[in-house]
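Peer 1: Got a structure for you, written out below as structure tokens; questions coming shortly.
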Protein chains: 2
Amino acid sequence: MIKVAVNGYGTIGKRVADAVSAQPDMEIIGVSKTRPSAEAFIAQKRGYPLYITDIAKKKAFEEIDILIAGSVEEMIQKADIVVDATPGGVGINNKVLYEKYSKKAIWEGGEGHKVAEFSFNASCNYTEAIGRQYARVVSCNTTGLCRIINLIDSVIGVKKVRATMIRRGSDPGDVKRGPIDAIVLNPVTIPSHHGSDVQSILPHINIVTSAMIVPTTLMHMHFLNMELKNFATKEQVIELIKTHSRLGLIEKSSGITSTSQLKEYTSDILRPRGDLWENGIFEDSISILDGTDLYLFQAIHQEADVVVETIDCIRAMMGDVKSAVESIAITNKAVGLTTIH
Amino acid sequence: MIKVAVNGYGTIGKRVADAVSAQPDMEIIGVSKTRPSAEAFIAQKRGYPLYITDIAKKKAFEEIDILIAGSVEEMIQKADIVVDATPGGVGINNKVLYEKYSKKAIWEGGEGHKVAEFSFNASCNYTEAIGRQYARVVSCNTTGLCRIINLIDSVIGVKKVRATMIRRGSDPGDVKRGPIDAIVLNPVTIPSHHGSDVQSILPHINIVTSAMIVPTTLMHMHFLNMELKNFATKEQVIELIKTHSRLGLIEKSSGITSTSQLKEYTSDILRPRGDLWENGIFEDSISILDGTDLYLFQAIHQEADVVVETIDCIRAMMGDVKSAVESIAITNKAVGLTTIH
């Protein structure tokens, strides 16, 4: 069993911990929090040993009946691999700790490529991660872009990509962030950084991205245009999408045309936390115009799509499972990712 | 003086009435409401004679001290030209009334092209409107697209346009519409109808549009990509934009990167109702990539940009002012449209 520590039990960390626990070849040896919170109670309910950054705060946890197993440094020592899900920009500072104990570590997309000098997406570059000491699972948006672009590129050929990301303002639990009534260009400049982040995994792809933030919490929405190298039909693209287990096709007959209806659906099918691990590609949006210009809309659940990628990244780095197909199948089965259509 | 009646004193109608009143060559002879409301009080405060569709409702108005001048049919008879700003889909039913009294009429973009068999944008086809009996001022989004596309096409040449519209869910005063927490694909299919609406004015433009609705009220945001026929620089595009009085350039130094900050600004410069009559083009977003691929973001104030176009449309149809440049200058000066930067 691969012993996994999750440093940072927040939006992504708590999901990674549950996904690890569900795997046949992994176990959670500890998760960490900096201060008492509802999420600390959840960790305890799940039976995850809880470690804290500042051991002086142990009493504050114990006063509300949350047991503390020790310090984060102690947790690291017990792990084979650490998933660092601390807030973006914080994770890089933890690297010294992982180096100190020669532990493998994975960061999430809040950190830049340079934290690990290797960026990961299971469908694109699983084998390159085998045996690595450090890796970074790219952000939710980059993950969603890489999955579909790589698939279309490898089968049909992609000449140029233009992607516009309409991003959720905050996660549902984050009540301090906005906007409430604005469309915020973020960044106002074009291109946004997302394109070069895609190139950290798919360096040969010519891609221009732009991004803005809107007052919603549930999911991001991508408008995607791919100039294809070869002619293709809508039907071919749909069949291709159906072959990829992490591209969910939202069929026209479902009547779903928004992020909120999609979230309602993933809740109704009893996904944990209503999580959408796949790209939610709207079948009715898939269009090929002027012969080689592919267009589509896809919803990306910012809290969820990187979780399954992180599991595959753990498996690749530990080296026992050599193929992406095999790891993805194990991960999907364990968390309960079956087709959404 | 051109005698103008505004049939439908709502979001657009009340702005058109004020803009007409500000012109040196026009006057409001009446506006109409279907039922008592805050806007009916505003019409009375402004001194606009108020007419109602169903004269049987006269008492309901008089009970709250709003004087009624007569029926809509009586109003029509007194006008040289009627601006129909009734809700989309309603206006077409009023055509029989305008025909009955041989009155010129203008519809807004809520109606389709066929209502008048002629669609109008002052910068694009003013002279084609001269002397016409009927015209339709295209919607706020189409207006915003036509202004910038026509300018770039006429000087640099446009091979293909891709535009994504992130639309406000409702106007600020409309408390019954959503969404509250969703990104709604509207339509889910690509292309949206906006492209063919642009072609009702610029039939030679190859354009693909897509649209979604988000939980905000203030303005729409457009992400625009134009494949140019010739090389151009960012500086050339900026200079070109500065030559067009209805393309407002939001300079980088303003720090404005969202619709809400822009609305705050137009309110601070004491525009009536904080209206942005121009396209709000973000200078810092203007980019030319791969030599001939132009990108930019522009904010479109859904309540305002068609108002000045409607004034020019009135003037063209009445026939006294033969040039767009002349009419636009009169309109802009009268309402107070001076450069926003």
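Peer 1: Any idea what the dipole of segment B:1-86 comes to, in debye rounded to 20, about its Cα centre with Lys/Arg Cβ at +1 and Asp/Glu Cβ at -1?
Peer 2: It works out to roughly 200 debye.
Peer 1: Under 26 Å Cα-Cα from A:Lys100, which lysines qualify once same-chain neighbours fewer than 8 residues away are excluded?
Peer 2: Result set, ordered by chain and number: A:Lys3, A:Lys14, A:Lys33, A:Lys57, A:Lys58, A:Lys78, A:Lys114.
Peer 1: Next question, about the same structure. Give me A:Val321, A:Val90 sorted ascending by neighbouring Cβ count inside 10 Å, so fewest comes first.
Peer 2: Exposure proxy ranking, most exposed first: A:Val90, A:Val321.
Peer 1: Separation between the B:Ala329 and B:Glu74 pseudo-spin-labels, each 7 Å from Cα along Cα→Cβ, expressed in nm?
Peer 2: Here the modelled spin labels are 4.2 nm apart.
Peer 1: Another question, if that's okay. Place a +1 charge on the Cβ of each Lys and Arg in the protein assembly as shown and a -1 charge on the Cβ of each Asp and Glu, then give the dipole magnitude about the Cα centre in debye, rounded to the nearest 20.
Peer 2: With only Lys, Arg, Asp and Glu charged at Cβ, the dipole is about 300 debye.
Peer 1: Roughly what % antiparallel, to the nearest 5, for the DSSP beta bridges in segment B:140-300?
Peer 2: DSSP beta bridges in segment B:140-300 are roughly 65 percent antiparallel.
Peer 1: Taking chain A on its own, what percent of its Cα-Cα pair distances exceed 35 Å?
Peer 2: 20
Peer 1: Then there is this: Percent of alpha carbon pairs in segment B:78-203 separated by more than 19 Å?
Peer 2: The calculated P(r) of segment B:78-203 puts 57 percent of pairs beyond 19 Å.
Peer 1: Ok, one more. How shielded is B:184-193 by partner chains, expressed as the average number of their Cβ atoms within 10 Å of its Cβ atoms?
Peer 2: Counting other chains' Cβ atoms within 10 Å and averaging over B:184-193 gives 6.
Peer 1: Kirkwood Rh over Cα pairs of the protein assembly as shown into Stokes-Einstein at 37 °C, 0.692 mPa s: D in µm²/s?
Peer 2: Estimated diffusion coefficient is 120 µm²/s.
Peer 1: Also, I was wondering about something else. If neighbour count is taken as other Cβ atoms inside 10 Å, put B:Val31, A:Val308 in order from fewest to most.
Peer 2: Going from least to most buried by this count: A:Val308, B:Val31.
Peer 1: Would you mind finding the longest exposed-site-free stretch of chain A, with exposed chymotrypsin sites (Phe, Trp or Tyr not before Pro) meaning DSSP loop and at most 13 other Cβ atoms within 10 Å?
Peer 2: In chain A, the maximal stretch lacking such sites is A:102-230.
Peer 1: For segment B:140-300, what does the relative contact order come out to in percent, with C-alpha contacts under 8 Å and a separation of six or more?
Peer 2: 27
Peer 1: Okay, moving on. From other protein chains only, count the Cβ atoms within 10 Å of every residue's Cβ in B:201-211, then give the mean.
Peer 2: 2
Peer 1: Return the average number of partner chain Cβ atoms within 10 angstrom of each residue Cβ along peptide A:257-264.
Peer 2: Mean inter-chain Cβ contacts per residue within 10 Å come to 6.
Peer 1: For segment A:237-278, just say rounded, prolate or oblate: build the C-alpha gyration tensor, square-root its eigenvalues into a ≥ b ≥ c, call rounded for a/c under 1.5, and beyond that prolate if a/b exceeds b/c, oblate if not.
Peer 2: It is oblate, given that a/c is not under 1.5 and a/b is not larger than b/c.
Peer 1: Still on this structure, I have one more. At 7 angstrom along the Cα-to-beta-carbon line, where would the label on B:Lys59 sit relative to the other copies? Give the distances in nm, shortest first.
Peer 2: Those label-point separations list as 7.8 nm.
Peer 1: Would you kindly work out, in nm and rounded to one decimal, the distances from the label point of A:Ala329 to those of the same position in each other copy, ordered shortest first, with label points 7 Å along Cα-to-Cβ?
Peer 2: 7.6
Peer 1: How high is the relative contact order of chain B? Use alpha-carbon pairs under 8 Å, at least six apart in sequence, and give a whole percent.
Peer 2: 17
Peer 1: Find the Rg to Rh ratio for segment A:145-227, where Rh is the Kirkwood radius over alpha-carbon pairs and Rg uses the same atoms.
Peer 2: Value, to two decimals: 1.04.
Peer 1: So, one more: How high is the FRET efficiency between B:Lys234 and B:Ile55 when r is their beta carbon distance and R₀ equals 51 Å, given to the nearest 0.05?
Peer 2: Computed FRET efficiency for B:Lys234 and B:Ile55: 0.30.
Peer 1: Here's another thing I want to ask about it. Could you estimate the translational diffusion coefficient of segment B:140-300 from the Stokes-Einstein equation, with Rh from the Kirkwood formula over C-alpha pairs, at 10 °C and 1.306 mPa s, in whole µm²/s?
Peer 2: D = 98 µm²/s.
Peer 1: At a Förster distance of 45 Å, what's the computed FRET efficiency of A:Lys176 paired with B:Ser102, Cβ-Cβ distance as r, to 0.05?
Peer 2: E(calc), rounded to 0.05, equals 0.15.
Peer 1: Of B:Ile156, B:Cys146, B:Ala299, which is farthest towards the positive pole of segment B:140-300's charge dipole, taken about the Cα centre with +1 and -1 on the beta-carbons of Lys, Arg and Asp, Glu respectively?
Peer 2: Value: B:Cys146.
Peer 1: What dipole magnitude, in Debye to the nearest 20, does segment A:42-134 give about its Cα centre under +1 on Lys/Arg Cβ and -1 on Asp/Glu Cβ?
Peer 2: The dipole of segment A:42-134 has a size of about 100 debye.
Peer 1: Provide the FRET efficiency to the nearest 0.05 for the B:Lys252-A:His204 pair, computing r from the beta carbons and using R0 = 30 Å.
Peer 2: After rounding to 0.05, the efficiency reads 0.40.
Peer 1: Hey, another quick one. Using a 7 Å offset from Cα along the direction of the beta-carbon, what are the separations from B:Val155 to the same position in each other copy, nm, ascending?
Peer 2: Ordered by increasing distance: 4.5 nm.
Peer 1: Starting with the highest mean, order A:78-85, B:43-50 by the number of other Cβ atoms within 10 Å, averaged over the residues of each peptide.
Peer 2: Highest to lowest by the protection proxy: A:78-85, B:43-50.
Peer 1: Next question, about the same structure. Does segment A:266-324 come out rounded, prolate or oblate, given a ≥ b ≥ c as the square roots of the eigenvalues of its C-alpha gyration tensor, rounded meaning a/c under 1.5 and, failing that, prolate meaning a/b above b/c?
Peer 2: oblate
Peer 1: If you rank B:Ile52, A:Ile64 by fewest surrounding Cβ atoms within 10 Å, what's the result?
Peer 2: Arranged by neighbour count, lowest to highest, B:Ile52, A:Ile64 become A:Ile64, B:Ile52.
Peer 1: Can you find, among A:Pro179, A:Thr266, A:Leu218, the residue sitting farthest towards the positive end of the charge dipole of chain A, where Lys and Arg contribute +1 and Asp and Glu -1 at Cβ?
Peer 2: Result: A:Pro179, furthest along the dipole toward the positive end.
No lab work stands behind these numbers, since they all come straight from the coordinates. Values in this document were obtained by computation on a predicted structure and should not be read as measured data. We place every Cβ from the backbone using ideal geometry, glycine too, and count neighbours over all the protein chains shown.
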